[in-house]
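Computed from the coordinates by the stated procedures, all read-outs in this text should not be read as laboratory data. Note that the structure is predicted; figures quoted are calculated from it, not measured. Reconstructed Cβ throughout: ideal geometry from the backbone, glycine too, with neighbour counts over all protein chains shown.
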Amino acid sequence: MTQNLPQQSQQNKKEDKDKKKKSSIRTYRSDLSKIVTGKNISATRIAIAEDTKRRKLFKKVSLEAKKNTALIITSTVLVVAGVVSVFLLNSFKPTPTIEVQEVELKQIIYTEYQKGLFFENPSKLKLSKSVQDEVGEMNTPLGSLIQLYFTKRSSAENETQMGKSLITTTQLIELLDARISDTLLRFLEPDFTFGFHSTTQNSPFLVLKTRSFEDSFPEMLKWEETILEDLQAIFIEDNLVFSKDRLRENRYQFKDIVIKNKDVRAILDGGGKILFAYSFPDKETIVITTNKITLQEIFDRLSTIYHTR
């Protein structure tokens, strides 16, 4: 009898615990029933309200996301449009018209034709190549003279103007690396006339002006040693005296001759034909060329200029 008391006690405790649990469940349900009854709402309406609240929150988040996406897209479009606009402006911007300033050409002798040769960065090689190209294409009437004048870039006032200036005598001598004395160079005028005379062949000529015959003549005699090599770059002609081999092998001798009552220093071939010559037709002018006909023609034109002054 006494042995069954502990088991009965444990069973009573379990029954009391189950009663309390049921009581609490009934209390929660009754409380919820009271709240629903008191506010006149149902559990279904509560669920609907909760769902509505969630929908509003989702809609707000979605709207913010759309705004951010739209902002990103708009920013990207604006950046791309800006880049494209800058590119198009640079691509289709009209190129400014550059005005090339003309040079004032002073003619020492009359020439029927004039042709300017422009050099961005002049050099001996460029001068020689340009003159050679011009001679190859030259088709001037027989007996006429064409002047080739050299120009180079000079400083201009603004970006729409390109300055151009004549290459002077001193600059020409420097470009040719001519071994001319400083004394002679000092007395030579800046202006010179270089070109070709149309005969049976195109004969080159160079006309220089000097301020002192007395100082220039003895210096020209000194220049005879290298004048052929120094002028070879622009005196483009099929002439024996300009052959590099001959220049190395021979030392040509200049002789004194007279043409049209003018003293001339000349290199002659075996038959007495002029191969190269220079002369002072007056005390201010030096004429250099490669044949008698051209020398006579320039003498006549110089005489005509002096008579018309």
Q.
For Asp263, project a label point 7 Å along Cα to C-beta. Then give me every residue of the range 194-229 with its amide nitrogen under 19 Å of that point.
A. 208-225
Q) What distance in nm separates the simple spin-label points at Glu225 and Lys115, each placed 7 Å from Cα in the Cβ direction? A) 3.6 nm
(Q) Distance cut-off 20 Å, Cα to Cα: go down the list Lys115/Lys283; Lys106/Lys152; Lys222/Lys273 and report the pairs above it. (A) Lys115/Lys283; Lys222/Lys273
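Report the calculated FRET efficiency for Leu185 and Lys283 (r = Cβ-Cβ distance, R0 = 25 Å), to the nearest 0.05.
Step by step, r from the Cβ atoms, then E = 0.90.
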(Q) Is there a quick way to get the dipole size of the range 99-308? I mean about its Cα centre, with the Cβ of Lys and Arg at +1 and of Asp and Glu at -1; what is the value in debye to the nearest 20? (A) 460 debye
